[in-house]
Amino acid sequence: VREIRPKEELNFAVRDPLEIFLQHHLSSYSEKLSGLPQEPISIIIQAQTDDEVIEAFEKAGWHLADDPTAHSLLRIVSSVILNESYPTAPMTPSFWNSQVHDFGFEKPTEKDSVRARHHARFWKTGARTEEGKYIYVGVASLDVGMKYVVAHSISPDIDTEREFVFAELEKSDSVLSFQKEQLVDPVLGKNAAGDQFFTDGKVYVIDI
């Protein structure tokens, strides 16, 4: 398992993971490089370790994305041109709390092409539950095509992808318990690539 870089831990534990937004004033949205908000957080995971999060997605048939290196970027360009599969293709960076995502997960669609994929990005918050589990926040969307060779276009209905990710984790028996809550008001917006999205603003809180 790839080692995830450490982050400075936040000095608090919470009774409810949503307290990190409501009481500790951390952003409810992922961010563009400029710091402007884009998709709201749609999945929160509680787990003992990074490995538990990675293993839960791998058990559901998802792949941990490669780091963006010269080799992986050349490979994704080649895969786009040839319309080939690249199940661990790197993802463009997304930010939360001024930090780039810690890890990304992806799963090929039926087309089995790098041009279309399910994908989710997660950040380590460093905050913990009272039971000692770490809290991870994430967003998910469906890539449906390419633009500028290495940038994907997403389906605007990001709620459907949120539901897909939850269903994938649940059917792999990784979910111990969950709740679905209203995190933000319904949003119509654009991501960093200029793609429109819409969401009801709800979030899954998943204990794995």
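The values are calculated or read from the model by the stated rules, or taken from the named source; none is laboratory data. What you see is a predicted model; the values in this text were computed from it and never measured. Here the Cβ is made from the backbone with ideal geometry for all residues, glycine too, and neighbour counts use every protein chain on show. The area values use the complete protein model at the heavy-atom level, side chains included, leaving out ligands, DNA and RNA. Shrake-Rupley method; radii C 1.70, N 1.55, O 1.52, S 1.80 Å.
Taken across region 66-79, residues that are more than 26 Å from Ser30 (Cα to Cα) and buried (at least 16 other Cβ atoms within 10 Å of the Cβ) do occur, with at least one present. Exactly one residue out of Val144, Val175, Val149 is of a type in the set (A, V, I, L, M, F, W, C), at pLDDT below 95 and part of a loop (DSSP other than H, G, I, E, B), and it is Val149. Among residues of region 181-195 being modelled with pLDDT of 95 or more and loosely packed, with under 13 Cβ neighbours inside 10 Å, the one that is nearest to Leu18 (Cα to Cα) is Gln182.
Is there any pair with a first residue in region 106-133 that is free of Cβ contacts under 8 Å to residues at least 40 places away in the same chain and a second that is among the β-branched types (Val, Ile, Thr) and in a strand (DSSP E or B) whose Cβ atoms are under 8 Å apart and which are 6 or more apart or on different chains, and what are they? If the second residue must be among the β-branched types (Val, Ile, Thr) and in a strand (DSSP E or B), the pairs left are Ala116/Thr109; Ala116/Val144; Arg117/Thr109; Trp123/Val137.
Is it the case, given these coordinates, that Val114 is within 18 Å of the chain's Cα centre (by Cα) and either on the phi > 0 side of the Ramachandran plot or buried (at least 19 other Cβ atoms within 10 Å of the Cβ) (or both)? Considered against the rule, which asks whether it is within 18 Å of the chain's Cα centre (by Cα) and either on the phi > 0 side of the Ramachandran plot or buried (at least 19 other Cβ atoms within 10 Å of the Cβ) (or both), Val114 comes out as yes. Looking across region 80-111 at every residue that is open to solvent by 10 Å² or more (accessible area, probe 1.4 Å) and among the polar types (S, T, N, Q), the one that is nearest to Gly35 (Cα to Cα) is identified as Ser98. Of the residues Gly132, Gly138, Gly126, the single one that is part of a strand (DSSP E or B), under 23 Å from His24 (Cα atoms) and modelled with pLDDT under 95 is Gly126. Going by the structure shown, is Thr129 touching a strand residue (DSSP E or B) at 6+ places or on another chain (Cβ under 9 Å) and open to solvent by 40 Å² or more (accessible area, probe 1.4 Å)? No, not satisfied.
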